[in-house]
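Trainee: Structure below; questions to follow.
The values are calculated or read from the model by the stated rules, or taken from the named source; none is laboratory data. Here the structure is a predicted model, which means the values were calculated and not measured. In this analysis, Cβ positions are derived from the backbone assuming ideal geometry, glycine residues included, and neighbour counts consider all displayed protein chains. The protein model used for the area step is the full one, side chains on, heavy atoms only, and it has no ligands, DNA or RNA in it. Shrake-Rupley method; radii C 1.70, N 1.55, O 1.52, S 1.80 Å.
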Amino acid sequence: MCKEDGRLAPTDEVHHILPVSQGGTHDRSNLMSLCKSCHNKIHLELGDRQIRN
């Protein structure tokens, strides 16, 4: 289940809640399973990912 929107979708991506570049770790408590759509949405909102066609 996607942790962002709660729907049943393949969660084939792992997101760092606090980015490694900002001191986050690969510890399980800093990770969340997301579907590709939600993962892209989070990074677009953060401004660190561009839309790719």
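Trainee: How many of the residues in the stretch 2-53 are small (Gly, Ala, Ser) and on the phi < 0 side of the Ramachandran plot? Walk me through it before giving the result.
Mentor: Taking the stretch 2-53 as the starting set, the residues that turn out to be small (Gly, Ala, Ser) are 6, 9, 21, 23-24, 29, 33, 37, 47.
Narrowing further to those that are on the phi < 0 side of the Ramachandran plot: 9, 21, 24, 29, 33, 37.
The qualifying residues number 6.
Trainee: Which of the residues that make up the stretch 1-32 are touching a strand residue (DSSP E or B) at 6+ places or on another chain (Cβ under 6 Å) and touching a residue at least 24 places away in the same chain (Cβ under 8 Å)?
Mentor: Within the stretch 1-32, Cys2, Lys3, Glu4, Thr11, Glu13, His15, Met32 qualify.
Trainee: State all residues of the stretch 9-53 that are in contact with an Asp or Glu (Cβ under 6 Å, 6 or more places away or on another chain), open to solvent by less than 60 Å² (accessible area, probe 1.4 Å) and part of a helix (DSSP H, G or I); if no residue qualifies, say none.
Mentor: Matches in the stretch 9-53: Cys38, His39.
Trainee: Here's another thing I want to ask about it. Considering only the stretch 33-52, how many residues are free of Cβ contacts under 8 Å to residues at least 12 places away in the same chain and polar (S, T, N, Q)?
Mentor: 2
Trainee: Please tell me if Cys2 is in contact with an Asp or Glu (Cβ under 8 Å, 6 or more places away or on another chain) and surrounded by 13 or more Cβ atoms within 10 Å (Cβ to Cβ).
Mentor: Against the criterion (in contact with an Asp or Glu (Cβ under 8 Å, 6 or more places away or on another chain) and surrounded by 13 or more Cβ atoms within 10 Å (Cβ to Cβ)), Cys2 does not qualify.
Trainee: Quick check on Met1: is it of a type in the set (A, V, I, L, M, F, W, C) and in a loop (DSSP other than H, G, I, E, B)?
Mentor: Spelling it out, Met1 is indeed of a type in the set (A, V, I, L, M, F, W, C) and in a loop (DSSP other than H, G, I, E, B).
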